[in-house]
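Take a look at the structure below.
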Amino acid sequence: MPQETIEGVVEDIIFRNPDNGYTVLSLEPRQKSSAFGDDSIIVVGKLLELQPGETVRFTGTWTTHREYGEQFKAETMHLVTTTKDSLRRYVASGLIEGIGDTTARRITDYFGEEAMDILDKDPSRIHEVPGIKPDRAKKIEESWAEQRKSRKVMMFLQEHGITAALAHQIYEEYGDDTIEEIQADPYKLALDIEGVGFKVADQLAYSLGLGTEEPSRLRAGVIHALHTLNTDGHIFAPRPLVIERTAALLDVAPELCDQAITQLIKQAELVAFKRMPTPDGNVEAIYLRQFYTDEINVARHLAAMVKEPETALEKAKSLDWDAFFGKLARSKDHVKLTEQQQDAVRAALTHKVSVLTGGPGTGKTTTLRAVIRALDSIKASYALASPTGRAARRLADATHREARTIHRLLGYNVEGEFTIDESAPLEADIVIIDEASMVDLELFSHLLSAIPARSHLMLVGDVDQLPSVGAGDVLRDVINSGIAHVTRLDAIFRQANDSLIVVNAHRVNQGEMPDLSNNGSDFFLFSTNEGEPGTVVDLLVDVVQNRIPKKFGLDPLNEVQVLAPMYKGDVGINVLNERLQKVLNPAGHDGEHVINGRAFRTGDKVIQTRNNYEKDVYNGDVGRIVTIDPVEQTLEINFDGRIIDYTWKETFDLTHAFAISIHRSQGGEYPATVIPVVTQHARMLQRNLLYTAITRARKLVVLVGTRRAIQMAVENDRVARRYSGLGWQLGKVLKEK
C-alpha cells in the first residue's frame, strides 16, 4: 500500500506505552479526508511523546483494525507550525513549566499566531503579557528558553526513533552539543544515559549509517554485555561467557567479539585475570575497570583493618564482661543474652571486623542494642547506618539512636560525590551497618575508604535474604572469607516461635514447606487453580480490598503491601498496580493527571525509583500523593510525614506502589504482606526470594496462588551464583606481609 501524508492538530492521547513509545491518538485533520468526512483520525505508531494542541505531519499507511476500524499507521512524524488555537493547547500541555490553560490563552491573545516565533527569539517578552505575575513570568521565560534550545535536538532525536522521555534525559546530559556527541559515537548513549539501552543506541547508530561490524559497535557490545552481567549481580564474567553474550547481542561471529575484548584490555578499559578460581574451576575473569578497582579497594581496606594492631576501642580490653552482662540482665528491661548473643557483643568490641547474622526472631536487634550499651559504657563513639532510608529509620527506631543512610553518613552530595573519604575519614570508633545483605560492592568500597584502619566495623544482616540489587555479594563474601568474626544466631525465641510468620520463614529457609493449614492467626494461603492468572489477580485484589480489612481491621492502602517477583506478565507488578489502583483509589475525582502515559491521582501510593539526595528521598521510599496542582504542574507527596514537591518532569522517578517488587521491599517492614506465588513466575521462584518476602511482614502474611508454585520456590535453593573475586582477593592480600 502506498504511503500517504496527513497533517492535523493532536486532540487527545488515547493510549501511550512509555516503555516503547507506542501511541494511539486522535488527530483533527487540517484537510478533511473523503473517507472520514469531518471525523477525527485515529493515528497509531511508535512516536515521539506528543501533547494535545501540537500540529503534526505524519507519513504512513491506512489500515483497518477488525475491532476499532480505520486507523492511520504512522511511520514518521514532524512537528509543524501551529495555529493560534493549537498553539494555545500546545503551550498549556505541560511542556513548558508555569503555563496552564488560562496563561496559555493570555499569551496567544496577546501575541497571536506569532507567539512561538516571538518568544523563541526573545523569551523575556513574556513579561509583556498582561495578567502574568512577575515570578510566574520568570519561570516561563526560563522554561521557554530551555525548550527553545532543545527543540532542534528533540526533532533530531525523534527522527531517529528516540522517545521524548529519553530525549529529555539525553539533552540534559549533553546540552547543545547533543547532536555532535551522538554523531561522533552514538553508543555513548548506552553508557552515559540511564534508561537508554544498547538496542536504542544500536538502532540510532544504524540509522546514522554505521555498519554491523564497526569496531565501535563491537567494543560497545562487549561493554554492554558486561554491564548487563553486572546488573545481574556479577562483578566479573568468564571470558567465554562475555563472548557468548556479546555475539548473541550483536549477531556477529564470536571471533570478532574476542578480538574486541583483547582491544579493550589493551586500552585498559577492561581488566583480565588469567586464572580466577570459581566453583567451575579456574577461568579468565573479565572485569570492567571500576568493578576491579572496587574489589581491590575493599580487599585492601579490610586487610588493613585486621592487620592494624592499634584499636579505637582500647578500653574494651579492660571491660568486665561478666559484670556487664549481669547488669544487663538486672536492668529494668531484663535483657538476658544467650551465649551466642554475648559472643557477638564481645566480638564487636574486640575484633576489628565482625558479622552478626540470623533469621527473624533470633534476636539480632536485641544483640545490637546490647552492643550499643557496651559502647556507651566505655564512652566510645559510633556511627549507625543502613543502605536505604527505610532501613535507617527502622534502625533508629529499634536503637533509639541516630541512624543514617550510608550515603548520608559519607556526605554524598547533589554533584554525586562523597565528601567523607580516605582524606577526610569518619570520626567514629566503630561503624555499624544494619541490613548489610543489601550493600553492594561499589557502596562498600566507598564506605571502607572512609573508615580508618584503627576503627572497628560491624555488619548486621540476614545472609539468607536476597543479595544486593547492585553487583556483588558482599555479606556472603565477607563471611566466607574468614576475615571477620562471624556470629550466626540460630535459636528462635519463644515469643517469636508463637508466630507462624517466623516459623514458616525458617521452614522455607531450611527447604521445608511452610505450614499452609490456615490454622494460625498470622499466615494464610488462598489457593487458586493452575493456569488461570486472571483468577489469581481477582482473588488477590479481593484479599487486599475486602478480606484483610474485614477480618483484621487493616487499612489496605496504609497497612497492606503487595509484593511480587516480576513486573511483567498476567500476575506481574504492572498489572497488579493497575487493578489495585482501580479499586483502592478509583478515578472520578479532580485530583488526577496523566503523566507519561500513567494516571497519578490524589491518594495514590507511589514509590521512588532512584536516589534523590536533594529531596532526601531514596530508591524504595514509598509515599502517598496528597495534592496535584495542574496549574503549577506539581505533585505533593507524603513520605513518612514529610511533604515533598515534585514537578511533572520529576515524576519520571515515581511509579505506583500498590504492588512492588520483593527486591525493592528489602530493608522495609509492613504490617501485612500479600504475595502472589504462581507457576507463571517459575524462573523467579527461589527459596531466598520467598523467604525475603515472608520476613517483610510484622503481623500478617497472605500467599495467593498454588501449593505447586510454593513448592517450586522452596525446592529451588540455587541462590543465583554471582561471579565475585572478593573472597580470593581477600585471601591474597591477607597473605601479603
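The values are calculated or read from the model by the stated rules, or taken from the named source; none is laboratory data. Quantities reported herein were computed from a predicted structural model and do not represent experimental measurements. Cβ atoms come from the backbone with ideal geometry, glycine included; neighbour counts cover every protein chain shown. We work out accessible area using only protein heavy atoms, side chains counted, and drop any ligands, DNA or RNA first. Shrake-Rupley method; radii C 1.70, N 1.55, O 1.52, S 1.80 Å.
Brief remarks on what is shown
- Identity of the residue in the range 279-301, aliphatic (A, V, I, L, M) and out of contact with any Lys or Arg (no Cβ under 9 Å at 6 or more places or on another chain), that ends up farthest from A237 (Cα to Cα): V298
- Selection count, the range 211-244, where residues are free of Cβ contacts under 8 Å to residues at least 60 places away in the same chain and not in a helix (DSSP H, G or I): 4
- Residue check, T647 closer than 21 Å to F15 by Cβ, open to solvent by less than 60 Å² (accessible area, probe 1.4 Å) and in contact with a strand residue (DSSP E or B) (Cβ under 6 Å, 6 or more places away or on another chain): no
- If you go through the range 418-468 and keep only what is under 20 Å from the mean Cα position of the chain (by Cα), in a loop (DSSP other than H, G, I, E, B) and among the hydroxyl-bearing types (S, T, Y), you end up with just S468.
- Within the range 463-512, tally of residues that are at positive phi and in contact with a Phe, Trp or Tyr (Cβ under 9 Å, 6 or more places away or on another chain): 1
- Residue count, the range 257-283 (criterion: in contact (Cβ under 8 Å) with a residue 24 or more places away in the chain and either open to solvent by less than 40 Å² (accessible area, probe 1.4 Å) or closer than 30 Å to A453 by Cα (or both)): 11
- Selection count where residues are open to solvent by less than 60 Å² (accessible area, probe 1.4 Å), free of Cβ contacts under 8 Å to residues at least 24 places away in the same chain and touching a helix residue (DSSP H, G or I) at 6+ places or on another chain (Cβ under 9 Å), scope the range 518-541: 1
- Residues of the range 297-330 classified as touching a residue at least 12 places away in the same chain (Cβ under 8 Å) and either in contact with a Pro (Cβ under 9 Å, 6 or more places away or on another chain) or not in a helix (DSSP H, G or I) (or both), total: 7
- Note on the range 716-737: among residues that are within 23 Å of G572 (Cβ to Cβ) and not hydrophobic (A, V, I, L, M, F, W, C), the one that is modelled with the highest pLDDT is N716.
- Any hit, the range 203-210, residues being part of a helix (DSSP H, G or I) and touching a Pro at 6+ places or on another chain (Cβ under 8 Å): yes
- Looking across I637, I595, one residue alone is out of contact with any strand residue (DSSP E or B) (no Cβ under 7 Å at 6 or more places or on another chain) and either modelled with pLDDT of 85 or more or surrounded by 17 or more Cβ atoms within 10 Å (Cβ to Cβ) (or both). It is I595.
- Options A396, A383, A392: the member that is closer than 30 Å to E614 by Cα, open to solvent by less than 50 Å² (accessible area, probe 1.4 Å) and not in a helix (DSSP H, G or I): A383
- Hits in the range 284-295 (condition: open to solvent by 20 Å² or more (accessible area, probe 1.4 Å) and not in a strand (DSSP E or B)): R289, Q290, F291, Y292, T293
- Meets criteria (touching a residue at least 60 places away in the same chain (Cβ under 8 Å) and open to solvent by less than 10 Å² (accessible area, probe 1.4 Å)) for H681: yes
- Checking E75, E70, E7, E28 one by one, the residue that is modelled with pLDDT of 75 or more and loosely packed, with under 14 Cβ neighbours inside 10 Å is E75 and no other.
- Residues within the range 331-348 that are modelled with pLDDT under 90 and among the hydroxyl-bearing types (S, T, Y), tallied: 1
- Per-region count, the range 617-663, residues in contact with a helix residue (DSSP H, G or I) (Cβ under 9 Å, 6 or more places away or on another chain) and in a helix (DSSP H, G or I): 4
- Test: residue in the range 359-374 that is under 30 Å from E736 (Cβ atoms) and either open to solvent by less than 10 Å² (accessible area, probe 1.4 Å) or among the aromatic types (F, W, Y) (or both): no
- Those residues of the range 504-517 which are surrounded by 20 or more Cβ atoms within 10 Å (Cβ to Cβ) and assigned to a helix (DSSP H, G or I), in sequence order: N504, A505, H506, V508, N509
- Filter result for A190 (more than 22 Å from the chain's Cα centre (by Cα), at pLDDT below 95, of a type in the set (A, V, I, L, M, F, W, C) and open to solvent by less than 50 Å² (accessible area, probe 1.4 Å)): no
- Against the test of being touching a helix residue (DSSP H, G or I) at 6+ places or on another chain (Cβ under 9 Å), in a strand (DSSP E or B), touching a residue at least 12 places away in the same chain (Cβ under 8 Å) and aliphatic (A, V, I, L, M), the options L734, L689, L730, L703 yield a single qualifying residue, L703.
One line per residue, one yes/no per condition, for (1) under 25 Å from T651 (Cβ atoms); (2) modelled with pLDDT of 85 or more; (3) of a type outside the set (F, W, Y); (4) open to solvent by 50 Å² or more (accessible area, probe 1.4 Å):
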residue: G94; (1), (2), (3), (4): yes, no, yes, no
residue: A104; (1), (2), (3), (4): yes, no, yes, no
residue: Y110; (1), (2), (3), (4): no, yes, no, yes
residue: D117; (1), (2), (3), (4): no, no, yes, yes
residue: R125; (1), (2), (3), (4): no, yes, yes, yes
residue: V129; (1), (2), (3), (4): no, yes, yes, no
residue: A137; (1), (2), (3), (4): yes, yes, yes, no
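- Put simply, of L302, L328, L313, L319 the only residue that is modelled with pLDDT of 95 or more and under 29 Å from L489 (Cα atoms) is L302.
Yes or no, residue by residue, for (1) open to solvent by 60 Å² or more (accessible area, probe 1.4 Å); (2) under 16 Å from the mean Cα position of the chain (by Cα); (3) within 29 Å of A392 (Cα to Cα); (4) hydrophobic (A, V, I, L, M, F, W, C):
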{"position": "V575", "(1), (2), (3), (4)": "no, no, no, yes"}
{"position": "R579", "(1), (2), (3), (4)": "yes, no, no, no"}
{"position": "Y613", "(1), (2), (3), (4)": "no, yes, yes, no"}
{"position": "D621", "(1), (2), (3), (4)": "no, yes, yes, no"}
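- Sole exception among (1) open to solvent by 20 Å² or more (accessible area, probe 1.4 Å); (2) modelled with pLDDT of 70 or more; (3) aliphatic (A, V, I, L, M) for M155, by number: (2)
- Residue match in the range 184-201 (condition: of a type in the set (F, W, Y) and touching a residue at least 60 places away in the same chain (Cβ under 8 Å)): no
- Taken as a whole, the structure places K352 among residues that are buried (at least 21 other Cβ atoms within 10 Å of the Cβ), touching a His at 6+ places or on another chain (Cβ under 8 Å), within 28 Å of R722 (Cα to Cα) and among the basic types (K, R).
- The single condition among (1) within 19 Å of L441 (Cβ to Cβ); (2) open to solvent by less than 20 Å² (accessible area, probe 1.4 Å) that H227 does not meet is (2).
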